Every structure is written in C-alpha cells, then in structure tokens.
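Asks: Can you read through this structure? Questions will come right after.
The values are calculated or read from the model by the stated rules, or taken from the named source; none is laboratory data. Bear in mind that the values here come from a model prediction, so they are computed numbers and not experimental data. Every residue, glycine as well, gets a Cβ built from its backbone with ideal geometry; the counts of neighbours run over all protein chains shown.
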Amino acid sequence: MKTYKGFVKVPIKTFKDWRNTVIGNAYDMDGKYGYQCYDLANLFWKNATGRTCKSATKDGGVAGGASGIWGAREQNNKDNEFILINDYKKLKKGDIIITNNGKYGHVCWLDQDYDSNTYLRVLGQNQGGTGGELPGAKVKDIDWAFRKYFLGAFRFRAWHITPTKGVYKCLYDMNIRKSPNGAKIKVKDCTEAMKKALTSKRSTDNAVIKKGTNITILDVVEKDGAYWGKNYSGYVCLNDGSTTYCKKV
C-alpha cells in the first residue's frame with residue numbers, strides 16, 4: 001500500500017486504468033479527517049476535469065459530505081464531462097455512485113456490470129466504517145446493497161464513447177457471433193469474402209477473424225455495457241467498456 005497526500009496525477013484513460021492504479025492505495029487530498037471517500041472523488045475529478053468536487057445540501061445531499069456531490073451535480077458537471085444517471089437500473093461499470101447512507105453519504109465506482117443481485121461490487125476508499133484510518137480505509141472493492149441509499153450517478157463520457165458504423169481494425173483475433181454476445185458462428189456460415197480473413201478455413205470450425213484484419217461495420221448495438229458491430233456475417237465485439245477490441249480506421 002502506498003499513501004499520497006495532496007494531488008497526484010493518475011491515469012484515467014479507461015476505468016480499468018483508474019481502478020488498477022488506485023486499488024490498494026490511499027489518498028488524502030485535503031489533509032483532513034484521514035483517507036475519506038470524498039478524497040478519492042476529488043482525486044478523480046481533478047484528474048478528469050481540472051476541478052475538485054463541490055458539495056451542496058440539495059436533493060438528498062448534505063453539504064460537506066459525499067452525498068452533497070449529487071446536490072452540487074450541476075457544478076460538478078460544469079463542462080458536461082458526465083452523463084447524469086437517476087435510475088440505478090441503468091448503471092454501468094465505471095459509473096460513480098452517490099449515496100445518502102449515514103450522516104455524510106458515500107461515493108464509489110460500480111466495479112461490475114449492473115445486475116439484479118442484492119449486493120453489487122463497488123470500488124471506493126474508506127469503505128467499511130474505518131473512519132478514514134489505515135489500513136482499513138485504503139481503496140478496495142466491497143459487495144454492497146446500496147440501492148436504498150442511491151441518489152444518482154455520474155457516467156464519465158470519456159469512458160463511454162459510442163462507436164459508429166464504418167471500417168474497423170481487429171486488435172485481437174475476434175469470434176463472430178450470431179447476435180450480440182450470442183452463439184459463435186461457424187466458418188461455413190460466413191460470406192466468401194469473410195472466409196478469406198479467418199484463422200481457419202475448415203467449415204466446422206468457429207469463425208475467428210485474424211488480428212489486424214479490417215472489417216466493415218454496418219450497424220452498432222449496445223448490450224450489457226458492451227458495443228457490438230454487425231458485419232455481413234454476424235457480430236463482433238468492438239469494446240466492452242474497459243477493453244477496445246476493434247478500432248475505427
């Protein structure tokens with residue numbers, strides 16, 4: 001575990017970059033009250049927007065607390081860097097969740113795709129009632145039933161750029177599927193043109209496009225936080241919210 005006082009630059013190109021950098025460490029941005037969840041939010045906002053978080057008593061939020069980040073959401077989204085989420089059923093991995101549990105609430109990041117389970121995995125600092133003291137306050141994942149405390153969430157737009165149709169380069173060997181995240185199709189089910197770009201020509205093998213191949217995407221569909229591109233033979237995953245598999249050229 002490493003501890004940091006004040007601002008430190010951290011990578012935020014993807015949620016995965018952010019998570020892998022901060023997890024297991026501890027951050028005290030303001031030098032007050034130890035290592036609080038609010039400090040981690042401030043660290044992210046400063047890296048993402050150049051601003052620190054504001055907090056206001058409004059819409060369930062309490063000024064000075066994490067819950068107040070939602071109360072001051074207009075200021076915290078001053079330059080439209082975020083999509084504001086009011087329905088927890090629409091949450092996606094990487095969304096910044098604001099709650100009003102306890103006196104000051106909590107701020108954390110959803111660290112899984114949303115599902116109907118009671119407990120969902122969240123990434124945050126000072127999770128577990130340690131009062132900002134180490135080692136318990138360090139950044140970690142916990143499983144939490146937060147829905148009854150949910151005020152809203154911020155979705156960082158830079159992590160959720162919607163792909164559009166066009167020509168894409170496969171950055172990995174890519175399976176072709178019948179539908180988004182559906183069954184894999186066979187070589188025999190592909191167009192003749194696509195067969196030339198596959199790793200195998202055997203008709204009964206799974207259809208796998210060779211890494212480095214350019215493919216034409218006719219339409220883009222979102223499913224469970226991932227974006228799938230439709231081509232003439234089926235669907236390939238373009239990105240899943242944390243990894244880009246096909247890059248537009």
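Asks: Inside region 1-113, counting only strands (runs of 3 or more DSSP E) that do not spill past its ends, which hold 3 or more residues that are among the hydroxyl-bearing types (Ser, Thr, Tyr) and under 30 Å from Lys223 (Cα atoms)?
Replies: Correct list: empty, since no element meets the threshold.
Asks: Regarding region 66-73, can at least one residue be identified that is in contact with a Cys (Cβ under 6 Å, 6 or more places away or on another chain), within 20 Å of Gly94 (Cβ to Cβ) and in the same structural domain as Lys103 (by TED's automatic domain parsing)?
Replies: Yes, region 66-73 has at least one match.
Asks: May I ask you to list pairs of residues, at least six apart or on different chains, whose Cβ atoms are under 7 Å apart, with the first in region 133-154 being closer than 18 Å to Lys5 by Cβ and touching a residue at least 24 places away in the same chain (Cβ under 8 Å) and the second being part of a loop (DSSP other than H, G, I, E, B) and aliphatic (A, V, I, L, M)?
Replies: Pro135/Met1; Lys138/Met1; Val139/Ile23
Asks: Which residue, of Tyr232, Tyr227, is assigned by TED's automatic domain parsing to the domain that holds Leu171, in a strand (DSSP E or B) and of a type in the set (Phe, Trp, Tyr)?
Replies: Just a single option satisfies the conditions, and that option is Tyr227.
Asks: Sticking with this structure for a sec: Would you check if Asp17 is surrounded by fewer than 22 Cβ atoms within 10 Å (Cβ to Cβ), touching a Pro at 6+ places or on another chain (Cβ under 6 Å) and not hydroxyl-bearing (Ser, Thr, Tyr)?
Replies: So Asp17 passes the test.
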